[in-house]
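For reference, the structure is listed below as structure tokens.
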Amino acid sequence: MVWGDQLKSFWKEQATCLLNGTDHSRIGTRPSEEEEAVNRYRIQSQNRGASVIRIKNKGILLGKKTVSTSQLYEYLLHQQFLIKQGEKLYQEERLEKRLAKMVEGELILDRSAEIEGGTLLVAEGKGSGDARLKGSYYDRLSALKYAERWWDDANPSYQSFDVDCTNYISQCLHAGKAPMRGYPDRTKGWWMKGNNWSYSWTVAHALRWHLSSSKNGLRAREVANPDDLIPGDIICYDFDGDGYWQHTTFVVDNDEKGYPLVNAHTTNSRMRYWAYEDSTAWTPEIKYKFFHIED
């Protein structure tokens, strides 16, 4: 099951409330404060002669964890409200970090991450402190925002290159506060300082091997399948299958089947399907490496 399938019906229920003015309450899934906020939004809209005529919801997975029979998800909810007020038509948008819990595939909780300090507490008996989706030094949301802001342009704060794919990926990771190490040795670690940087900052082959071997600073865990990745993770490409890694992409979303959509530089790309079969560099011998950036 794709992680967001159960949540889609929940988001649809919220949309129905706003569009039709009906009350909605799913016991156990939404705190009363959020129920009240939805109703206040609807009443406020009515009082100013505005109506929500269309809502689009999209979830972007930021983190996941399995505890016993429970699955915990941290995600970003992107909402778009098309609003009509008299002759004026405009779109309101929101980005909200949320937390959800499923037990054996059933959604039992979904709420704002702002509640209880941004953690999801799950009563699992002893050791329940481990059953939290915690903030960490890798800020995926900031990395994603950077990836979206600069996918088709060069940030003047950094050096740019004709072959810019790995430099762009490193900038995304840096925006997410991934820790650097190794300065000033260009052959060690992953770092950028002034007009100097490590080979792993700019060279796809070097970054691929850094991600495989690093035990501190920027660290990653190799996973077997592309659908094991979440936004903020990395894919490395050996187009010829000869052991030399030529390209790197940044996961920004997943398609309806749970497979990655990526942003990249050199050929600037946004929300491109991860496999790159449409690339002129693709060959039948292509190899991939899938890296989950450690939080």
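No value in this document is a laboratory result; all are computed from the given coordinates. The shown structure was predicted, so the numbers you read here are calculated from the model rather than taken from an experiment. Ideal geometry is used to build each Cβ from the backbone, glycine not excepted, and the neighbour counts take in all protein chains shown.
FRET efficiency for the E106 to S213 pair, using the beta carbon distance and R₀ = 41 Å, is estimated at 0.50.
What FRET efficiency do you get for N196 and K56 if R0 is 51 Å and r is their Cβ-Cβ distance, rounded to the nearest 0.05? FRET efficiency, N196 to K56: 0.70. Distance between the 7 Å Cα→Cβ label points at S68 and K257: 3.5 nm. Counting 0.36 nm for each residue step from Y137 to A154 and taking away their Cα separation leaves a gain of 3.6 nm. If R0 equals 22 Å, the separation of the Cβ atoms of N47 and E93 corresponds to a calculated FRET efficiency of about 0.50. Short-range pairs are left out: with C-alpha atoms under 8 Å and at least six residues apart, the relative contact order of the stretch 222-266 is 34 percent.
A cut-off of 5 Å between modelled amide H atoms, ignoring neighbours fewer than 5 places along the same chain, links A50 with no other residue. In terms of distances greater than 19 angstrom between alpha carbons, the cross-link table entries K58/K97; K193/K289; K97/K145; K8/K289; K8/K56; K64/K257 yield K193/K289; K8/K289. Each other residue within a Cβ distance under 14 Å of H265 adds +1 if Lys or Arg and -1 if Asp or Glu, for a net charge of -2.
Electrostatic bookkeeping for D139 treats Lys and Arg as +1 and Asp and Glu as -1; over the other residues with beta carbon under 10 Å from its beta carbon, the sum is +2. For the pair R221 and N39 in one chain, pulling the backbone fully straight at 0.36 nm per residue adds 61.2 nm over the alpha carbon distance.
Near K193, once Lys and Arg are set to +1 and Asp and Glu to -1 for all other residues with Cβ below 15 Å from its Cβ, the sum equals +2.
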